[in-house]
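Okay, structure first, notes after.
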Amino acid sequence: LGYTDISGVVGFGGIGEASLALGGRFEKIIKPLPDLGDGLLGLMVGVDWYSFSVLNYSWTYIPVSVAGNYHFKMENKKFDPFIGLGLGYYIVTEPSGYPGSSYNSGIYFIGTLGMRYFLSENMAFYADAGAGAGALHVGLSFKLKGGS
């Protein structure tokens, strides 16, 4: 049917003063969609981590997200573009005593554009924009045993 994979990513262009984020993605392709261009539906869970500091005060963000991804059917099987929609939750730890505005934990909406480019049968270059801790995430995906 599809595949199950796990990805390690680095995010660029984060919130606040953050410049880099570290994260991971897990996705399981769960259903073919023959009435929607023969694409595939995947369920993705993502977790990221980043921190930033201002005036000797530090904040840590851990965005956790769940998204449904539509994978387009492509003639070139090495290329796997997708779009996704979902929700996430920011877990924020902020310093006590900071005199400025507050950064709060909360729910956020996800609209994602992404792709995988398979370098081998079980490894792909991964990129997404619009989800998690960065404006752009890049990394490597690895198919898990049992994925096809």
So for the chain, taking the charge dipole from beta-carbon charges (+1 Lys/Arg, -1 Asp/Glu), which of 8, 30, 91 sits furthest toward the positive end? 30
Full-extension gain in nm, residue 72 to residue 138, via 0.36 nm per residue minus C-alpha separation: 21.8 nm
Step through the residues of the stretch 80-88 one at a time and calculate ³J(HN,Hα) from phi using the Karplus curve (6.51 cos²θ - 1.76 cosθ + 1.60, θ = phi - 60°), rounding each to whole Hz and writing x for Gly and Pro. 10, x, 8, 10, x, 9, x, 10, x
Grab the Cα-Cα distance for residue 22 and residue 64, subtract it from 0.36 nm times how many residues apart they are, and report the gain in nm with one decimal. 13.9 nm
Dimensionless Rg/Rh of the chain, both radii on Cα and Rh by Kirkwood, sits at 1.05
Stretched out fully, how many nm does the piece from residue 105 to residue 125 gain, at 0.36 nm a residue minus the Cα gap? 4.1 nm
Per-residue HN-Hα couplings for the stretch 41-55, Karplus 6.51 cos²θ - 1.76 cosθ + 1.60 at θ = phi - 60°, whole Hz, x for Gly and Pro? 9, x, 10, 10, 10, x, 9, 10, 8, 7, 9, 8, 10, 9, 6
Mean accessible area per residue over the stretch 18-126 (1.4 angstrom probe, all protein chains present, square angstrom) is 57
Amide H partners (placed H, <5 Å) of residue 108, local residues excluded: 88, 89, 90
Summing +1 per Lys or Arg and -1 per Asp or Glu among the other residues with Cβ less than 12 Å from residue 79's Cβ gives +2
Taking the Cα centre of the chain as the origin, how large is its charge dipole in debye, to the nearest 20, when only Lys and Arg (+1) and Asp and Glu (-1) carry charge on their Cβ atoms? 340
Whole-Hz couplings from phi, Karplus 6.51/-1.76/1.60, listed for the stretch 115-124; x for Gly and Pro: 7, 10, 10, 6, 7, 8, 4, 10, 9, 9
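The values are calculated or read from the model by the stated rules, or taken from the named source; none is laboratory data. Predicted model only: the values in this text are computed from it and were never measured. Methodologically, a virtual Cβ is constructed for each residue, glycine included, from the backbone with ideal geometry; neighbour enumeration extends over all protein chains shown. Protein only, heavy atoms only, side chains kept; ligands, DNA and RNA dropped before computing areas. Shrake-Rupley method; radii C 1.70, N 1.55, O 1.52, S 1.80 Å.
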